[in-house]
Amino acid sequence: MSNVFNITEVIDMGIEKEKKRRDFYGRVSESFKEDDMKKLFARLRDWEDEHIKKFAAIRDTVNIDESQESYKGELAEYMRALVDDILYSQVSEKEFTRNVKSPKAAIQYGIGFEKDAILFFNELLKYMEPIHTEKVRILIEEEKKHIIYLAQLRKKYDQ
């Protein structure tokens, strides 16, 4: 007999990752003197805050529909392994100040965070009821726009 997991727990993991991205962008915004960088990362912070609200709304409307796992905790373990924990460990104040010294470095971190979100959300889709998948797909599209936005900005610093 297989065990079951609760999809809301996995969604909560996604919300925590969104909060870490939001906090990272807030820290970046405060750390730069250049007005354009402050505005860019404040905008990204605000976008992540909107994602937290949207993701929480999804969590609050999902049925505690149980899906099958081959062993208890399988999905949670997989989703934890899926996200780059090294990336998130570098969000601490100490790691941030050591690693983010330029706008380009901050942009690179941002791109990594956005890619991480897309990967997480895409894998989550497999376990959600069809009624909720469209909402998550919209979040994925928003994360893609963030990557494009950051990649275009990075070109400015590649020259």
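The values are calculated or read from the model by the stated rules, or taken from the named source; none is laboratory data. Values in this document were obtained by computation on a predicted structure and should not be read as measured data. When we count neighbours, we look across all protein chains shown, and the Cβ atoms used for this are built from the backbone with ideal geometry, even at glycine.
For the stretch 17-56, what are the residues that are over 21 Å from VAL100 (Cβ atoms) and either free of Cβ contacts under 8 Å to residues at least 60 places away in the same chain or touching a Cys at 6+ places or on another chain (Cβ under 6 Å) (or both)? Of everything in the stretch 17-56, those that are over 21 Å from VAL100 (Cβ atoms) and either free of Cβ contacts under 8 Å to residues at least 60 places away in the same chain or touching a Cys at 6+ places or on another chain (Cβ under 6 Å) (or both) turn out to be GLU50, ILE52, LYS53, ALA56. Regarding the stretch 47-57, can at least one residue be identified that is modelled with pLDDT under 85 and either within 25 Å of ALA151 (Cβ to Cβ) or surrounded by 13 or more Cβ atoms within 10 Å (Cβ to Cβ) (or both)? Yes, there is a match, as at least one residue in the stretch 47-57 is modelled with pLDDT under 85 and either within 25 Å of ALA151 (Cβ to Cβ) or surrounded by 13 or more Cβ atoms within 10 Å (Cβ to Cβ) (or both). Taken as a whole, the stretch 92-110 holds no residue that is assigned to a helix (DSSP H, G or I), of a type in the set (Phe, Trp, Tyr), farther than 13 Å from ARG21 by Cα and at pLDDT 80 or above. Just wondering, is there one or more residues in the stretch 130-141 that are at pLDDT below 85, surrounded by 14 or more Cβ atoms within 10 Å (Cβ to Cβ), hydroxyl-bearing (Ser, Thr, Tyr) and part of a helix (DSSP H, G or I)? Checked against the condition, which is being at pLDDT below 85, surrounded by 14 or more Cβ atoms within 10 Å (Cβ to Cβ), hydroxyl-bearing (Ser, Thr, Tyr) and part of a helix (DSSP H, G or I), the stretch 130-141 yields at least one hit. Reported count of residues in the stretch 110-152, each being among the polar types (S, T, N, Q) and within 13 Å of ILE7 (Cβ to Cβ), is 1. If we scan the stretch 75-84, do we find a residue that is exposed (fewer than 13 other Cβ atoms within 10 Å of the Cβ), at pLDDT 85 or above and assigned to a helix (DSSP H, G or I)? Among the residues of the stretch 75-84, not one is exposed (fewer than 13 other Cβ atoms within 10 Å of the Cβ), at pLDDT 85 or above and assigned to a helix (DSSP H, G or I), which makes the answer no.
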